[in-house]
1. For MET160, MET133, what ranking results if the residue with the fewest other Cβ atoms within 10 Å of its Cβ goes first?
2. Are there chymotrypsin sites (Phe, Trp or Tyr not before Pro) in region 5-39 that DSSP puts in a loop and that have at most 14 other Cβ atoms within 10 Å, and which ones?
3. Between the helical axis of 37-48 and the dominant principal axis of the chain, each derived from Cα atoms, what acute angle in degrees is found, rounded to the nearest 10?
4. Multiplying the sequence separation of SER65 and GLN91 by 0.36 nm and subtracting their Cα-Cα distance, what value in nm do you get?
5. Tell me the trypsin sites (Lys or Arg not before Pro) within region 1-71 that lie in a loop according to DSSP and have at most 11 other beta-carbon atoms within 10 Å.
6. Considering only DSSP beta bridges where both residues belong to the chain, give the percentage that are antiparallel (nearest 5).
7. What full-extension length gain, to one decimal in nm, is calculated for LEU50 and ARG37 as 0.36 nm per residue of separation minus the Cα-Cα distance?
8. Find how much the distance from GLU173 to ARG75 grows on full extension, using 0.36 nm per residue of separation minus their present alpha carbon separation; answer in nm with one decimal.
Amino acid sequence: MTESVLVTSFRVPSGTLLLGSLGSELVLCDWAGGWHRGTTDARMKRLLRLPFREGSSPVIESARSQLGEYFDGSRRQFDLPIRLVGSDFQQTVWRALLGIPYGGHETYAGLARRIGRPSACRAVANAVGANPMSVIVPCHRVLGLGGKLTGYGGGLPAKMHLLRLEGIPFDEESADE
């Protein structure tokens, strides 16, 4: 059988995630109804050059378990083998997201400074929005200036749920999607 990306859905308190693996690595943890689903799938298929098919794997089962622990409050950090599928710039931004600790947050400008590209705020925001590893690569921890809520692939209600779970303060008034 030709190698393929195995994909399955997983219901969590704030929505449904699609989990995907290639071999022993997790390559996808994205919101099933997210606004960038089609773009993410197209990018992954173009870069991986493999078909997607329904299925599970040991790393997907491990991700299910760890996500369950995260949502029940008993896990603050993920320990999963992941492969970031994107451009070099996107991967740099996504690795920087991994440096934002549980309960912490960052702004897009702060993230741009963190990667040594202080004038690339808009490009950083676009890379954050293209993150195919939601929750595990914590793009929900990025807020606008003054704690303003900004877009989120899983929708603002999911982002608010994650921020509240981690005790991250945000501007509730900016929650109009």
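Only the coordinates and a few stated rules stand behind these numbers; no lab work does. Note that this is a predicted model, so its numbers are computed, not measured. All Cβ positions, glycine included, derive from the backbone under ideal geometry; neighbour counts span all protein chains shown.
1. Ordered from fewest to most neighbouring Cβ atoms within 10 Å, MET160, MET133 come out as MET160, MET133.
2. TRP35
3. 50 degrees
4. 6.9 nm
5. Of the trypsin sites (Lys or Arg not before Pro), the ones in loops of region 1-71 whose Cβ has at most 11 other Cβ atoms within 10 Å are ARG49.
6. 60 percent
7. 3.0 nm
8. Length gained between GLU173 and ARG75: 32.4 nm.
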